[in-house]
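Colleague: One structure coming up, written as structure tokens, with questions to follow.
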Amino acid sequence: MAETREFKTEVRQLLDLMIHSLYSNRDIFLRELVANAADAIDKARFESLTATDKTRDWQIRIVPDKKAMTLTVSDNGIGMTRDEVIENIGTIAKSGTKAFLKALEEKGENKDMPELIGQFGVGFYSAFMVAEKVDIITRKDADDAKAVRWSSAGLGEYELDDAEKSTPGTDIVLHMRKDSEMYLESWKIGEIIRRYSDFIEYPIITPEVKVNDDKTETVTDRTLNSQKAIWLRKASEITEDEYKSFFMHVSNAGGEYLKAIHMSAEGASEFKALLFLPKHAPFNFLMPDLQKRGLQLYVKRVFITDECKELLPDYLRFVTGVVDSNDLPLNVSREILQQNPQLEKINKAVASRIISELKKMLETERDAYTDFYKEFGKVLKEGIHTDFANVEKLKDLALYESMNTEAGKMITLAEYVAAMPDDQKEIYFITGDKRESVASSPALEYFRSKGYDVLFMTDLIDDWIMQSMFQYAKKNFKSVDKGDFAVDGAADVLKAAQEKFSGLIEFLKSALGDKVSEVRFSARLTDSPCCLITEGNAMSPHLERLFKAMHQDIPESKRILELNAKHPLVEAMFKLVERDAKAPELATYAKVLFDQALLAEGSPVADAAAFAKEITSLLLSAVNGKEK
């Protein structure tokens, strides 16, 4: 029964964009439709492994009809039910339409459209770049399935109706615009397929008409693609366009890849692989629910799954590609995959090779590696905490900014250790939101005065990673703003300060109450009057702020207030306490001292308005004092 439905708002916007697009390279519409057809066959082929009655000669057909001005792309894959057509074509439930539109708006230029179309999974809609109307006739690969027809001119609504189709699969009929007639030419179709889809292992067939001498016509099928699995070919035989095309296919992403890695393993585990390191993180990289994870798994060139998470450790989830195994059974199920020891061997081999390639890139292509690390370093570092077999190699790959480097420049741990003065025994670091906030921390003052460098760890994950990164090159890691801090020869000086200024210490403890767990003097400071320090095992203020921003209910931590015995402000406050510990202005001074210590480390004050008022009062007092 015919039914008319409206597109969701985002789909209407997308269709309007496609219909009125002035983008010159419209060839990508065929690339996307063929890729969708191949995916549909992949799904049907996987099901056929356990249902032999569903096996058939898999193929994709492209049929141009110049008289009718139609181009039909057909597959004999999985097909769709009526509900699936509504979900996949009429709404944004499964597509990245909304994210695509947002990304395109941010880019502001149509030149990026073909890359974004591939990246956000909105490929079907690109048909409206060349067609004034599109029909879909599809039938699910199921015994009781009924065929359904979807039709739309892309103008806000679509029509659903029952259809006649004797075999499973999908036919997409494009009613071409006048300015798209070239796509009905066999040479043009062949050119697009060879450029974008030559590696697809299913035959892409088109009818070829030959006029005989007696003026009759003979129609034969011509296969447009080589069908040779790209991962089985030698790297020297593969063109750059073929690499790019295959990267788009396996990653569902646009843009460029950084490096292609060929693997061929023999012995205990036989497999071949083609892996890609991407150049840029996809739009959904930090959205686990939307992100596709894992490599495509083939067994003896038979597609099994496009999300085999067991083939890669999770911290390498940015890698895309294909693994083709000779050791797994053809009828392997997803449940068996999770328990198969062969996958663990492949996982270890693949991880080792990727780490090796990254190490080589770090050594020989430093700028390219740095750019890569800025995109994926946050994820790569997870392996330091989870992959005990490769933890030392992963430490070698970590990059950090530091106190002694210019902004934006990153160094390795090996480079940090090599530059350490002879009297430096530990690797010093500080965690925080960004370089600007950690670089101004008072906790750095002693280290700056000694010429020691301090690593700036400004990724959220760094606080977590440092819980397990105890050493590097037999040097212990030490946070500059956590726990006790000892300086040779300073113990007696600090003890004397503690005794001399005991009255000030007791006053500050009383005035600040439960805001601090301790007040003490420290050799950590050389210029600032004070700083706030965290207990050795306590949560860092950086991590605490992030948890609060995520509305996590965590208890307020108490901090240690450390004082600089040589600072004139400390001496002045001590004299005021000695003169009159009950003077009302002293409580204000204590609060301002604590709040400015918070601001210095990048933490917000509890009451910004009150702090501003107190600073204004202090300024007025200072100005009035000068006038007198």
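Computed from the coordinates by the stated procedures, all read-outs in this text should not be read as laboratory data. The shown structure was predicted, so the numbers you read here are calculated from the model rather than taken from an experiment. Neighbour counts run over all protein chains shown; Cβ positions are idealised from the backbone, glycine included.
Colleague: With unit charges on the beta carbon (Lys/Arg positive, Asp/Glu negative), name the residue among 583, 487, 497 whose Cα is farthest towards the positive pole of the charge dipole of region 481-628.
Modeller: 583
Colleague: Give me the net charge for the shell around residue 475: Cβ to Cβ below 10 angstrom, other residues only, Lys and Arg +1, Asp and Glu -1.
Modeller: So the environment of residue 475 carries a net charge of +2.
Colleague: With each label point set 7 Å from Cα along the Cα-Cβ vector, what nm distance links residue 579 and residue 359?
Modeller: Result: 6.6 nm between the two label points.
Colleague: Still on this structure, please answer the following. Within region 140-170, list the GluC sites (Glu not before Pro) lying in a DSSP loop whose Cβ has at most 10 other Cβ atoms in a 10 Å radius.
Modeller: Values: sites: 157, 159, 164; in loops: 164.
Qualifying residues, ordered by number: 164.
Colleague: If we count every other residue with Cβ under 14 angstrom of residue 225's Cβ, Lys/Arg +1 and Asp/Glu -1, where does the sum land?
Modeller: Net local charge, residue 225 excluded: 0.
Colleague: Filter the DSSP H helices in the chain by two things, a Kyte-Doolittle mean of at least 0.0 and an axial alpha-carbon span of 20 angstrom or more, and list the hits by number.
Modeller: Those that clear 20 Å and a mean of 0.0 are 28-48, 584-601, 608-627.
Colleague: Name all residues of region 411-433 having a backbone nitrogen under 12 Å from the label point set 7 Å from the Cα of residue 488 along its Cα→Cβ direction, giving them as ranges.
Modeller: 422-425
Colleague: When the chain is fully extended, how far beyond the present Cα-Cα distance does residue 188 get from residue 498, taking 0.36 nm per residue of separation?
Modeller: Once the chain is fully extended between residue 188 and residue 498, it gains 103.1 nm.
Colleague: At 0.36 nm per residue, minus the direct Cα-Cα distance, what do residue 548 and residue 414 gain on full extension? Give it in nm, one decimal, please.
Modeller: 44.7 nm
Colleague: Another one. Going toward the positive end of the dipole of the chain, with +1 on Lys and Arg Cβ and -1 on Asp and Glu Cβ, which of 134, 592, 71 do you reach last?
Modeller: Final value for the positive-end residue is 592.
Colleague: If you place +1 on the Cβ of every Lys and Arg and -1 on the Cβ of every Asp and Glu, how big does the dipole about the Cα centre of region 472-519 come out, in debye to the nearest 20?
Modeller: In debye, rounded to 20, region 472-519 gives about 280.
Colleague: Let me ask something else. Rank these for me by crowding, 346, 505, going from fewest to most other beta carbons within 10 Å.
Modeller: Going from least to most buried by this count: 505, 346.
Colleague: Continuing with this model, one more query. If you take the beta carbon distance between residue 471 and residue 386 as r and set R0 to 25 Å, what does 1/(1 + (r/R0)^6) give as a FRET efficiency, to the nearest 0.05? Let's see the in-between values first.
Modeller: Numbers: r = 18 Å, r/R0 = 0.70.
For R0 = 25 Å, the calculated efficiency reads 0.90.
Colleague: Then there's this: When the expected Rg is taken as 2.2 N^0.38 Å, what fraction or multiple of it is the alpha-carbon Rg of the chain?
Modeller: Compactness ratio reported: 1.29.
Colleague: If we count other beta carbons within 10 Å of each Cβ, what is the order of 409, 558, fewest first?
Modeller: Ranked by crowding around the Cβ, least crowded first: 409, 558.
Colleague: Using the beta-carbon distance between residue 622 and residue 509 and R0 = 35 Å, what value does 1/(1 + (r/R0)^6) give for FRET efficiency, to the nearest 0.05?
Modeller: Values: r = 27 Å, r/R0 = 0.77.
Efficiency computed from Cβ-Cβ geometry: 0.85.
Colleague: In addition: May I ask for the distance between the Cα centers of region 428-462 and region 570-628, given as a whole number of Å?
Modeller: 27
Colleague: Once amide H atoms are built 1.01 Å from N in the peptide plane, which residues 5 or more positions from residue 58, or in another chain, come under 5 Å H to H?
Modeller: When sequence neighbours closer than 5 places are left aside, there are no close amide H contacts.
Colleague: Something else: Taking amide H positions as placed 1.01 Å from N in the peptide plane, with prolines and chain starts having none, which residues 5 or more places from residue 305, or on another chain, fall under 5 Å of its amide H?
Modeller: HN-HN under 5 Å from residue 305: 297.
Colleague: Modelled label-to-label distance, residue 220 and residue 370, 7 Å Cα→beta-carbon offset: nm?
Modeller: Taking the two extended label points, one gets 5.9 nm.
Colleague: Filter the cross-link list 409/495; 381/482; 43/133; 140/345; 425/566 down to pairs whose alpha-carbon distance in this structure exceeds 29 Å. Let's see the in-between values first.
Modeller: On the way: 409/495 40 Å; 381/482 22 Å; 43/133 27 Å; 140/345 37 Å; 425/566 26 Å.
Checking Cα-Cα distances, 409/495; 140/345 exceed 29 Å.
Colleague: Right, next: Loop-only check: which GluC sites (Glu not before Pro) in region 467-542 are DSSP coil with at most 16 other Cβ within 10 angstrom?
Modeller: Sparse-neighbourhood loop GluC sites (Glu not before Pro): 535.
Colleague: Per DSSP helix of 4 or more residues, -39500 (n - 2.57); summed, then divided by the residues of the chain. What does that give at 222 nm, rounded to the nearest 500?
Modeller: After summing the helix terms and dividing by the residues of the chain, the value is -11000 deg cm²/dmol.
Colleague: What is the extension gain from residue 227 to residue 527, computed as 0.36 nm multiplied by their sequence separation minus the C-alpha to C-alpha distance, in nm to one decimal? Before the final figure, lay out the partial values.
Modeller: On the way: separation 300, 0.36 × 300 = 108.00 nm, distance 7.00 nm.
Full extension of this stretch gives 101.0 nm more.
Colleague: For the residues 319, 209, 493, 480, what sequence is obtained by ranking on other C-beta atoms within 10 Å, fewest first?
Modeller: The fewest-first ordering by Cβ neighbours comes to 209, 493, 319, 480.
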